[in-house]
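For reference, the structure discussed in these notes is given below.
The values are calculated or read from the model by the stated rules, or taken from the named source; none is laboratory data. None of the values given here were measured: they were computed from a predicted structure. Cβ sites come from the backbone with ideal geometry, for glycine too, and all protein chains shown count toward neighbours. Just the protein is used for accessible areas: all its heavy atoms, side chains included, with ligands, DNA and RNA removed. Shrake-Rupley method; radii C 1.70, N 1.55, O 1.52, S 1.80 Å.
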Amino acid sequence: MRNSQLSKRLRAVAFATLCAFVIPWNGFASAEDSLSKTAEGLSVYIGIIPAEIVKGHLPGHPEKTMHGGAPTSGRASHLVAAIFDAASGARVSDATVTAQISGLGLSGTRKTLDAMEIANTVSYGGYFNLPGRDLYTVRLTIQRPGQPKPASLEFKYDRRR
């Protein structure tokens, strides 16, 4: 196997592992940033990774086209959210998840995240343009069937360094 093919496969495996377990990779985030929260009976873990990681997949790889494909312009990042029932620890796979990411003093972008099945687990994700060094606020709204009130969680993501 050629080195470039091996490198691409290793990146694909690393990305799948990251999404499956949502180990937050934060090249710019500080240690004080909390990328896990619990609210309304849900434990939520987020990770934000550069979209360039997805662009490196081989043609035909399922993550190459997720969410309509990685954006080709701007400073795109991929937000991944893993959601669990706080009491049982069971993975939540039936939610509608909306995310809004905004920099300081800005309204930001709001999107409904796509459910993603990787390694037989469901996470939620989408691409967002994070144009520069800023302190970003990530707001998630999670609505589950049969629940009268959605869970709302807010995370800080520091890219100022």
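Tabulated data
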{"read-out": "Test set (1) at pLDDT 90 or above; (2) open to solvent by 60 Å² or more (accessible area, probe 1.4 Å) - THR121 fails condition number", "value": "(2)"}
{"read-out": "Given (1) assigned to a strand (DSSP E or B); (2) at positive phi, number of the condition LYS111 does not satisfy", "value": "(2)"}
{"read-out": "Index of the failed condition, LEU106 passing every other in (1) free of Cβ contacts under 8 Å to residues at least 40 places away in the same chain; (2) open to solvent by less than 50 Å² (accessible area, probe 1.4 Å)", "value": "(2)"}
{"read-out": "Elements of type strands (runs of 3 or more DSSP E) contained in the range 120-161, each with 3 or more residues being closer than 23 Å to LEU106 by Cβ and among the aliphatic types (A, V, I, L, M)", "value": "135-143"}
{"read-out": "All positions within the range 84-106 that are modelled with pLDDT under 90 and closer than 16 Å to THR141 by Cα", "value": "none"}
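Rundown of residues vs (1) closer than 17 Å to GLY47 by Cα; (2) in contact with a strand residue (DSSP E or B) (Cβ under 9 Å, 6 or more places away or on another chain); (3) small (Gly, Ala, Ser), yes/no style:
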residue	(1), (2), (3)
ALA82	yes, yes, yes
ALA87	no, no, yes
SER93	no, yes, yes
GLU117	yes, yes, no
GLY132	no, no, yes
TYR136	yes, yes, no
THR141	yes, yes, no
